[in-house]
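For reference, the structure is listed below as structure tokens.
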Amino acid sequence: MATPEGIVKTAVKKILVTYGSYYHCPVQNGMGSPSLDFVGCYFGRYYAIETKAPGKKPTPRQEFTIQGIRASGGKVFVISGEEGYDELRAWLVEQVRDAHA
């Protein structure tokens, strides 16, 4: 049985595959800098995604990572359901439009 966060991760993967975005899911083993659940690049734009079960928030360590990515110009999504899926889709569409403008 899938966990609530696992369901969100599966939905995010389907969206990224549908749009043809490069992404990977880093495996955290305690070595090196922390990361988020997904990191990728789409039309030259770096992004990261933290998936959460509905109602859950990023941990302080995840917030630190999120702020570092944003400070460097990366796009960060925290996704726990439909609103986050819609935001991700809209951003992906915007990148396609900008790339072809």
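Leaving out ligands and nucleic acids, note down the accessible area per residue over the chain with a 1.4 angstrom probe, in whole Å².
Result: 62 Å² per residue.
Assuming a ≥ b ≥ c are the square roots of the Cα gyration tensor eigenvalues, decide whether region 45-92 counts as rounded (a/c under 1.5), prolate (otherwise, with a/b larger than b/c) or oblate. Don't jump to the answer; show the numbers that get you there.
Working: a/c = 3.32, a/b = 1.09, b/c = 3.04.
Verdict is oblate for region 45-92.
Build a GNM of the chain with springs between Cα atoms under 10 Å: which of 12, 78, 27 gets the top mean-square fluctuation?
27
Please compute, over every Cα-Cα pair in the chain, the percentage with a separation greater than 18 angstrom. Before the final figure, lay out each step's value.
Numbers: 2344 of 5050 pairs.
Result for the distance tail: 46 percent.
Determine how large the accessible area of residue 86 is when every protein chain is in place; take a 1.4 Å probe and give Å² rounded to the nearest 10.
Roughly 80 Å² of residue 86 is accessible to a 1.4 Å probe.
Among bridges DSSP assigns within region 29-97, what percent are antiparallel (round to 5)? Write down the numbers at each step before the final one.
Details: 5 of 10 bridges.
Bridges in region 29-97 are about 50 percent antiparallel.
For residue 39, what charge total do you get from the other residues with a beta carbon under 14 Å from its beta carbon, if Lys and Arg give +1 and Asp and Glu give -1?
Taking every Cβ under 14 Å from that of residue 39, the sum is +3.
Please report the carbon-and-sulfur percent of the accessible area for region 21-101; probe 1.4 Å, protein heavy atoms only, DNA, RNA and ligands left out.
Numbers: 2660 of 4880 Å².
Of all accessible area on region 21-101, carbon and sulfur atoms account for 55 percent.
Of the candidates 74, 20, 32, which one comes out as most mobile in a Gaussian network treatment of the chain with C-alpha springs shorter than 10 Å?
It is 32.
When the helices in the chain are scored as -39500 (n - 2.57) per DSSP H run of 4 or longer and the sum is shared across all residues, what 222 nm value do you end up with, to the nearest 500 deg cm²/dmol? Numbers along the way, then the final one.
Working: 3 runs with 46 residues, N = 101.
Using -39500 (n - 2.57) per qualifying helix, the result is -15000 deg cm²/dmol.
The values are calculated or read from the model by the stated rules, or taken from the named source; none is laboratory data. Because the structure is predicted, anything quoted here is derived from the model rather than measured. In this analysis, Cβ positions are derived from the backbone assuming ideal geometry, glycine residues included, and neighbour counts consider all displayed protein chains. Protein only, heavy atoms only, side chains kept; ligands, DNA and RNA dropped before computing areas. Shrake-Rupley method; radii C 1.70, N 1.55, O 1.52, S 1.80 Å.
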